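Working notes for the structure below.
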Amino acid sequence: MKSYLYIFALLLFYSCQLSKQDKTYRYDIEDFLKNDMILGGTFNHDESKMLYSSNRSGVINAWEVNLKDNSKKQLTFSEDKSYFAESYFPKDDRIILKSDEGGNEVYHIYIKDLEGHITDVTPWKGATSKFGGWKREEKSFFVVSNKRDRRFFDLYEMDIENFELKLLYENKKGLNLNKISKDYRYLTVTKAVTTSSSKLYLIDRVNGNIKELSRSDNADYEAQFFDLHTNYLYYLTDENSEFTYLIRYNLKSEEREVVWRTNWDIWYAYESYFGKYHVIGINEDGQTKIKVIDTESSREVMIPTIDGSSINKVYVSKSEKLLRFSVGSSTSPNNIFIYDLKNEQLQRLTESMNPEINRQDLVDGINVRYKASDDLDIPAILYKPKLANSTNKVPALIWVHGGPGGQSRLTYNPLIQFLSNHGYAILAVNNRGSSGYGKSFARMDDLKHGDVDLRDCIDAKSYLAQLDYVDADNIGIIGSSYGGYITMAALSLHPEEFKIGVNLFGITNLMRTLKSIPPYWEAYRKALYAEMGNPFTVDSIRLKKMSPLFSADKINKPLFVAQGANDPRVLRAESDDIVNEVRENGIAVEYLLFEDEGHGFRKKENEIKAYDRILKFLDKYLKY
């Protein structure tokens, strides 16, 4: 009898130890959402402070940090609408903000004065206005707004004494405004041809001449900056190349030369205030690689590495003495560091990670490749739960990014970490049509959405099923926006492939979405139709066939849907209709509608509610 009691006590002790171990690995969603989301980071006039945006209060507000002692100060105190910090004023600590209403993406520009009053300086109802940077004289700033015509964005100048507008460029042809030269003589604009090709034009504001700089109908062009003395224009293109590279165009001789080229896309470049540095960002396999070039010596400036993280963006202070780094990884939310170039000193300004979370408990994303059914290599990012192994198989999810044309990257995602932490393997697929892997790859899904891109996700399921730690019988699919569409397409067009689906802000009726594009997307409309299909032509036959709503009667797997009532991109009706149809099938559906959200989450409390419910849904229908 004693031996039995001993064995029972030993088993009880062992089970308690497992329970304690389990708790060290598993966190509530509140733990993950105690992390701060940190955006931007600009210096004030004397470079003693830095302005940034954070959702620490539960809603995105403006904050500043003192560079001497790292003390933080909240500058706006909204409990409802989000305030995004744009810039300090050039000679004092007034700030420029932008905000919309409930995520409707109709942004206005606000000024917060030194007494704390916040004033809307672009109060035109229904018009979207954006901060376009400061004039070098520092007495005015640029405003891009569709106040004149809701379809097109014009360029204005707003003085900071009376906040009056002056029209600089009237955009009547549906062009996209790019860059203006430091002497304000030249302006660049682009015209979208498709979502992966465009035209680039140079406008001389003195004589009115317009010159096309693009030289191919099968390439993309985007201006990056004019140099300090307006001798050169730097622009990106993938002309005669799979990947974008940086060109320098001589405004006088019209000669062009390649400045930087690699086997990945260069996705941004800019020049520091006095022209001492050029900063180049390269999209290398889902991570950003930064190059800082000293323009006098043409040599690369060595910047420090940060263990376990990558530098995503670099901003050079006006004095050109300090660099602001935005730093993050798949296991670390974004943080701000500054680097003193002269003293070679690195200073951390923010700590976005909840101290109650041990970063070692989180899951590093790993770049992988798998074979599609046609033998094409498909890039993806794999997240393997800590406790997963061949004797402890776990359920899995195919994660589909937004877009079309987006990319899953090695950046922090609280929902991915939350689900991985609770025992779900996740494969974030960069199906054909995704950006970052060459323009041929990006165009492979043109006019084939819901077909070849979805097949890549089905092949991803086969890849997951071969992993010895994945429960092959319990694989679901999840996605947001375009990823939500692929989720619904999977459940409706291939109803036996996935065990469940989670659709966040996803399209279900392609024709309705393409017909209801917001008016301020007019410059992009034809390009989107060229990729997706024109709902007003014979393309409508295919669009209807590939729309999940019209095959909703075939959906026979449990479904979770989240939608923002103010979403201007994917209308509420997209989710309402599919939920009603699936419920008529007698299939389990959970639907969360957020009255105060748009296309994605802005408020922590809504994220907490949605992600917690998603986990409960998965535990009920996928885990067992």
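The values are calculated or read from the model by the stated rules, or taken from the named source; none is laboratory data. Because the structure is predicted, anything quoted here is derived from the model rather than measured. Here Cβ is always computed from backbone atoms with ideal geometry, including for glycine, and neighbour counts include all displayed protein chains.
Summary of values
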quantity	calculated
Per-region count, the range 303-324, residues within 27 Å of Leu415 (Cα to Cα), assigned to a strand (DSSP E or B) and of a type in the set (A, V, I, L, M)	2
Test: residue in the range 125-139 that is under 30 Å from Asn335 (Cα atoms) and either in contact with a Gly (Cβ under 6 Å, 6 or more places away or on another chain) or β-branched (Val, Ile, Thr) (or both)	yes
Residue tally, condition out of contact with any His (no Cβ under 8 Å at 6 or more places or on another chain), on the phi < 0 side of the Ramachandran plot and in a loop (DSSP other than H, G, I, E, B), over the range 388-429	14
Residue ID - farthest from Ile381 (Cα to Cα), chosen from residues in the range 235-244 that are in contact with a Leu (Cβ under 7 Å, 6 or more places away or on another chain) and in a strand (DSSP E or B)	Tyr235
Which listed residue is of a type in the set (Phe, Trp, Tyr), modelled with pLDDT of 95 or more and buried (at least 19 other Cβ atoms within 10 Å of the Cβ), from Tyr370, Tyr469	Tyr370
Criterion (surrounded by fewer than 19 Cβ atoms within 10 Å (Cβ to Cβ) and small (Gly, Ala, Ser)) met by exactly one of Ser408, Ser440	Ser440
The range 249-296, residues that are in a strand (DSSP E or B) and of a type in the set (D, E, K, R)	Arg256, Glu257, Asp265, Glu271, Glu284, Lys289, Lys291, Asp294
The lone exception for Ala380 - which of (1) at pLDDT 95 or above; (2) over 18 Å from Tyr482 (Cβ atoms) it fails	(2)
Any pair with Cβ under 6 angstrom, 6 or more apart, that starts in the range 225-253 at a residue that is buried (at least 18 other Cβ atoms within 10 Å of the Cβ) and ends at one that is in a loop (DSSP other than H, G, I, E, B) and among the acidic types (Asp, Glu)	Asp238/Asp220; Thr244/Asp238
Matching residues, the range 325-347, being assigned to a strand (DSSP E or B) and of a type in the set (Ser, Thr, Tyr)	Ser326, Ser329, Ser332, Tyr339
Residue in the range 293-310 that is farthest from Asp227 (Cα to Cα), counting only those that are polar (S, T, N, Q) and surrounded by fewer than 12 Cβ atoms within 10 Å (Cβ to Cβ)	Thr305
Qualifying residue in the range 369-384 (condition: over 15 Å from Tyr412 (Cα atoms), in a strand (DSSP E or B) and of a type in the set (Phe, Trp, Tyr))	yes
Pick from the range 170-226, criterion hydrophobic (A, V, I, L, M, F, W, C) and not in a strand (DSSP E or B), ranking: farthest from Ile280 (Cα to Cα)	Val206
Any hit, the range 410-427, residues being touching a Phe, Trp or Tyr at 6+ places or on another chain (Cβ under 8 Å) and under 20 Å from Leu514 (Cβ atoms)	no
Residue identified as more than 26 Å from the chain's Cα centre (by Cα), at pLDDT 95 or above and outside any loop (DSSP other than H, G, I, E, B) among Glu581, Glu605, Glu574	Glu581
The range 476-512, residues that are touching a His at 6+ places or on another chain (Cβ under 9 Å) and of a type in the set (Phe, Trp, Tyr)	Tyr482, Tyr485, Phe505
